[in-house]
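First the structure, in the form of structure tokens, and then the observations on it.
The values are calculated or read from the model by the stated rules, or taken from the named source; none is laboratory data. Fair warning: this is a prediction, and the values are worked out from it, not measured in the lab. So basically every Cβ, Gly included, is an ideal-geometry build from the backbone, and we count neighbours across all protein chains shown. Please note that ligands, DNA and RNA were not included when accessible areas were found on the heavy atoms of the full protein model with its side chains. Shrake-Rupley method; radii C 1.70, N 1.55, O 1.52, S 1.80 Å.
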Amino acid sequence: MSFGYGEKRILNSVSFAIVKDQVIAIVGESGSGKSTLMNILAGLFLPDSGLITLDGINMKEIDRNHFQKKIGYITQEPVIFDDTIYNNVSFWDKDTDENRKKCKEALNKASVLEFVESLENKEDSRLGNNGVMVSGGQKQRISIARELYKGIDLLLMDEATSALDSETELGIQENIDKLRGQVTIIIIAHRLSTIKNADRILLLKDGEIQASGDFEELEKHSIGFKKMVALQGF
Ligand SMILES: Nc1ncnc2c1ncn2[C@@H]1O[C@H](COP(=O)(O)OP(=O)(O)OP(=O)(O)O)[C@@H](O)[C@H]1O
Ligand SMILES: [Mg+2]
């Protein structure tokens, strides 16, 4: 499919498949069209030409509201509210036994349940300014749990360009690895270390897919990718 904002062509004959429950990473220079591509996948924009199908159904025919309920979107600067863990995850959903169970399951899938259970007040512990101090990686896990609580199938992550400390970086890589197979993940990555284990990496250049494959394949066959790897000092 192709897409432009007005006259300006941003994505040019981009074609690829996403397999359910796999991890797909999008990399490329600033302005290459990564966020635009992700917004199209989220159903925010329709392609100008070409086709997106979901289980063989044209995306145009799929109810957008229903589709978007199945999508979670998280950034590397997750929002944590000055409230309890339960409210942070359930988004102030009614406090029932059933929802408590759902919250626990989401925390577990997001690999943060153990941490929460180690706290004196468990899910009722407060986060934020007057609460428990959590690391960048833990904040992200809480925000992943918030998305999983909604019962999503597709998790979109747009990694911040700002430099992350190596501990947070490792945390993010672990978070992605642990979610593997539970939801489909599409991640825009600036730090290649976070997507080492992605099933497929798409390298975007000027709105086209310059190369695609797993990390090892790209390292072998893509000069552009090799350059990125070298720049980041692998
Ligand atoms: N709403 C918009 N209207 C017009 N042009 C836009 C809009 N959003 C993005 N663009 C342009 O589209 C191109 C691709 O932008 P996009 O945000 O997809 O890049 P990106 O790969 O995500 O970059 P970065 O790594 O900096 O986040 C850029 O040239 C940008 O200026
Ligand atoms: Mg972007």
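Pairs please, first residue from segment 155-178 and modelled with pLDDT under 70, second anywhere and open to solvent by 50 Å² or more (accessible area, probe 1.4 Å) and not in a loop (DSSP other than H, G, I, E, B), Cβ atoms under 8 Å, 6+ apart in sequence or on different chains.
Correct list of pairs: A160/T75.
With a cut-off of at least 1 residues that are within 14 Å of ligand 1 (Cβ to nearest atom) and touching a residue at least 60 places away in the same chain (Cβ under 8 Å), name the helices (runs of 4 or more DSSP H) lying wholly within segment 15-98.
34-41
Would you confirm whether any residue within segment 48-69 is within 16 Å of ligand 2 (Cβ to nearest atom) and either among the polar types (S, T, N, Q) or open to solvent by 30 Å² or more (accessible area, probe 1.4 Å) (or both)?
Among the residues of segment 48-69, not one is within 16 Å of ligand 2 (Cβ to nearest atom) and either among the polar types (S, T, N, Q) or open to solvent by 30 Å² or more (accessible area, probe 1.4 Å) (or both), which makes the answer no.
Table: residues versus (1) surrounded by fewer than 21 Cβ atoms within 10 Å (Cβ to Cβ); (2) more than 26 Å from T194 (Cβ to Cβ); (3) out of contact with any Leu (no Cβ under 7 Å at 6 or more places or on another chain).
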| position | (1), (2), (3) |
| --- | --- |
| F115 | yes, no, yes |
| L119 | yes, yes, yes |
| D124 | yes, yes, yes |
| R141 | no, no, yes |
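Read through the list (1) more than 16 Å from T184 (Cα to Cα); (2) open to solvent by 30 Å² or more (accessible area, probe 1.4 Å), then give the number of the only condition that S90 fails.
In the conditions (1) more than 16 Å from T184 (Cα to Cα); (2) open to solvent by 30 Å² or more (accessible area, probe 1.4 Å), S90 misses (2) alone.
Assuming E219 fulfils every condition listed in (1) open to solvent by 40 Å² or more (accessible area, probe 1.4 Å); (2) in contact with a Ser or Thr (Cβ under 9 Å, 6 or more places away or on another chain); (3) assigned to a helix (DSSP H, G or I); (4) not aromatic (F, W, Y) apart from one, which condition is it?
With (1) open to solvent by 40 Å² or more (accessible area, probe 1.4 Å); (2) in contact with a Ser or Thr (Cβ under 9 Å, 6 or more places away or on another chain); (3) assigned to a helix (DSSP H, G or I); (4) not aromatic (F, W, Y) applied to E219, the lone miss is (2).
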